[in-house]
Amino acid sequence: MSPQRMRLRDLGIVIGTGTPGPLNAITDVPGVRVGHTTLITGDGTLAVGAGPVRTGVTAIHPHEGSVFTATIPAAITVLNGAGEITGRSQVDEWGILESPILITNTLSVGTVHRGCIDWMVAREPTLGQQDFAIPVIAETYDGFLNDIAGQHVSIADTFAALDTATSGPVAEGNVGGGTGMALFGFKGGIGTASRVVPLGEQHYTVGVLVQGNFGRRPQLLIDGVPVGLAITDLLPEAGPESAAAGEQKEGSIIVVIATDLPLADRQLARLCRRGALGIARTGGTAGNSSGDLLIAFSNPPAVRVPRHTPATDVFLTTPRLHDRLIDPVFNATVDATAEAIGNALVAAETMTGRDGHTLHALPHQRLREIMRAHGRLQS
């Protein structure tokens, strides 16, 4: 896999009208850090527990400090619920996030949950003594390429993703939790994008990271162009060891939305719903077997609430954006979500996994020709 992968804008394709941040990534939101552990080993016939392995875990730290000791507003929305995101009931109840966010494959949620707890216990002296935490762990299914029943993601892999997370450029495509994922019958995976939102004399950022593993080929839209109807070959292939081939089920997507705007949890739930519109712009329809799960958080210091406050602190006075000014934030969320999905598609590379199953990369030159024919190529 190449260290520097292509993105939509490298191909001359621009989504929406907003301005991206310097990295066009979720890490444009100050303090946000992302890390991946990628597991790729073995080839040939599936042997449960031995491989082949095409999976991993992705970690997102919501701000530069400990989100356990300085909690932040958050919200989770389920577009279609054939998937899992742990900690949802607590986020719904309290409107806060108190752990890193981790994304992996469906059958490794338990291990990653344990890994996150162990990682936090080692760093938070009060956890398990006077406090508890329910980490947020999300998943999508990578069993077409990966020995998913072998549960190859370990606690050590979880630690590695958390410990190596940085605030710089974010690796995309076949990395971390996205290693074995599919998008619209092409290879999918991790994608990210951002938008700068001017409000008065200040500029804020909305950043999105997705783990994309959804969609049927005919549904695929890029900047409104029916790309999936134009590329009808390069469908998922089964190797000689397997009878399964052709289109996959609807699949799933995890969308993580971050912002340095001071927003309340109610407003963050509104952002999640706009993230769902971004999914729709790429052709997603949240099918019956799809797990479409979205989480949003706000991380500026002014909205952080210390876990242990003095007994004399009766009221919280945290700021929030006036709702009458929120439309540009909605637009930024929709565009960044759609672009993050497109970046996952463009960055992903052809991968062959268990039993010779193959997911092909979206062909860049053919994509450019299609976009040019529809007048949607910028350069």
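Side notes on the structure shown:
- With the simple model of a label 7 Å out from the Cα in the direction of the Cβ, VAL78 to LEU316 spans 2.4 nm.
- In this structure the stretch 254-379 gives 41 Å² per residue of accessible area when probed at 1.4 Å with all protein chains present.
- Counted charge near SER108, where neighbours are those whose Cβ lies closer than 14 Å (Asp, Glu -1; Lys, Arg +1): -3
- Per residue solvent-accessible surface (Å²) - the stretch 1-107, probe of 1.4 Å: 38
- Peptides ranked, highest mean first, by Cβ atoms within 10 Å: ranges 125-131, 136-142: 136-142, 125-131
- Per-residue ellipticity at 222 nm from helix content only, as computed over the chain with -39500 (n - 2.57) for each DSSP H run of at least four residues, stands at -6500 deg cm²/dmol.
- The portion of the accessible surface of the stretch 108-205 made up by carbon and sulfur, rounded to a whole percent, is 54 (1.4 Å probe; DNA, RNA and ligands excluded).
- Residue with peak Gaussian network fluctuation, the chain [Cα springs, cutoff 10 Å], from ALA122, ALA25, ALA70: ALA122
- Peptides ranked, highest mean first, by Cβ atoms within 10 Å: ranges 305-314, 89-98, 254-263, 325-334: 254-263, 325-334, 89-98, 305-314
- Among the helices of the chain, those built from whole DSSP H runs whose Cα atoms reach 15 Å or more along their own axis and whose mean Kyte-Doolittle hydropathy is at least -1.0 are 109-121, 265-281, 327-347.
- Given charges at beta-carbon only (K, R positive; D, E negative), |dipole| of the chain in Debye: 760
- Structure-derived Rg and Dmax of the Cα atoms in Å: which label, when the choices are [x] 19.9, 69; [y] 38.3, 149; [z] 21.3, 68: [x]
- With contacts taken as Cα pairs under 8 Å at a separation of at least 6 residues, the stretch 5-124 carries a relative contact order of 21 percent.
- Shown is the FRET efficiency for GLU349 and ASP233, computed with R0 = 22 Å from the Cβ-Cβ distance and rounded to the nearest 0.05: 0.80.
- Using C-alpha pairs below 8 Å separated by at least 6 residues, the relative contact order for the chain is 26 percent.
- DSSP bridge orientation in the stretch 5-147 - percent antiparallel, rounded to nearest 5: 75
The values are calculated or read from the model by the stated rules, or taken from the named source; none is laboratory data. Since this is a predicted model, take the numbers as computed values, not measurements. Cβ sites come from the backbone with ideal geometry, for glycine too, and all protein chains shown count toward neighbours. Accessible surface areas use protein heavy atoms only, side chains included; no ligands, DNA or RNA. Shrake-Rupley method; radii C 1.70, N 1.55, O 1.52, S 1.80 Å.
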